[in-house]
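Below is one structure, written out as C-alpha cells; comments come after it.
The values are calculated or read from the model by the stated rules, or taken from the named source; none is laboratory data. The structure presented is a predicted model; accordingly, all values stated were derived computationally and were not measured. When we count neighbours, we look across all protein chains shown, and the Cβ atoms used for this are built from the backbone with ideal geometry, even at glycine. Only protein heavy atoms, including side chains, enter the accessible area calculation; ligands, DNA and RNA are left aside. Shrake-Rupley method; radii C 1.70, N 1.55, O 1.52, S 1.80 Å.
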Amino acid sequence: MVSAAGLVPALRLAERAGLHGLLDERLSVSSPNATVKTTGVIAGMLAGADCIDDLGLLRHGGMGRLFTQVRAPSTLGTFLRSFTHGHVQQLDAVARRLLPGLTRTVPGLLAGSRTAGSIAFLDVDDTIREVHGHAKQAAAYG
C-alpha cells in the first residue's frame, strides 16, 4: 500500500520534461546528490508535505518500492538550510525552463501552445491567510 501513488506519473513526467537535467545544469548548491534531494523535496510537496518532518511520507509504507534514493527528512532539512538566496533564484530558473519542457512533452498542455505567437495565462494561487495559535512562533501571516 502506498499513500501517494500519483507521484509516480507526476515525477516521470517531470523527468521526461527535463527536470533532472535542469537541476544538474542550474543548481550549484554544494551538496552531494543535490538533484536527488531537490526531487525528493518536490515529490514531498506534491504529496502534501508542508514542513521538513512531513517529507517522511516518502519513506512510509510501500513507497520504497516505487522510489529509490529517498533521503531522510533530517537530510533534506540540512540540504535546504544550505540554500542561499542565489540558490533559490537558480530553482526559479529551473522552474521557468521546466514549463516549456512540459509543453513539449505533453502537446496541448497549455491552451494555444501549438499556435505560433499564442499566449497562455496561468493562475497561480498565492493565498495569504492570517495565522493563529501559540505554536506558530509569532507569525501573523503565512
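Here are some notes:
- Residues of the stretch 83-94 classified as open to solvent by less than 50 Å² (accessible area, probe 1.4 Å) and either out of contact with any Leu (no Cβ under 9 Å at 6 or more places or on another chain) or farther than 17 Å from Val29 by Cβ (or both), total: 1
- Residues of the stretch 36-53 satisfying the condition of being within 13 Å of Ser3 (Cα to Cα) and surrounded by 12 or more Cβ atoms within 10 Å (Cβ to Cβ): Ala43, Gly44, Leu46, Ala47, Ala49
- If the condition is being of a type in the set (Lys, Arg) and more than 22 Å from Val88 (Cα to Cα), then the stretch 1-29 contributes Arg12, Arg16.
- Checklist (1) open to solvent by 50 Å² or more (accessible area, probe 1.4 Å); (2) of a type in the set (S, T, N, Q); (3) modelled with pLDDT of 90 or more applied to Gln69, failing item: (3)
- When the stretch 95-109 is limited to residues that are open to solvent by less than 80 Å² (accessible area, probe 1.4 Å) and free of Cβ contacts under 8 Å to residues at least 40 places away in the same chain, the one that is farthest from Leu23 (Cα to Cα) turns out to be Gly108.
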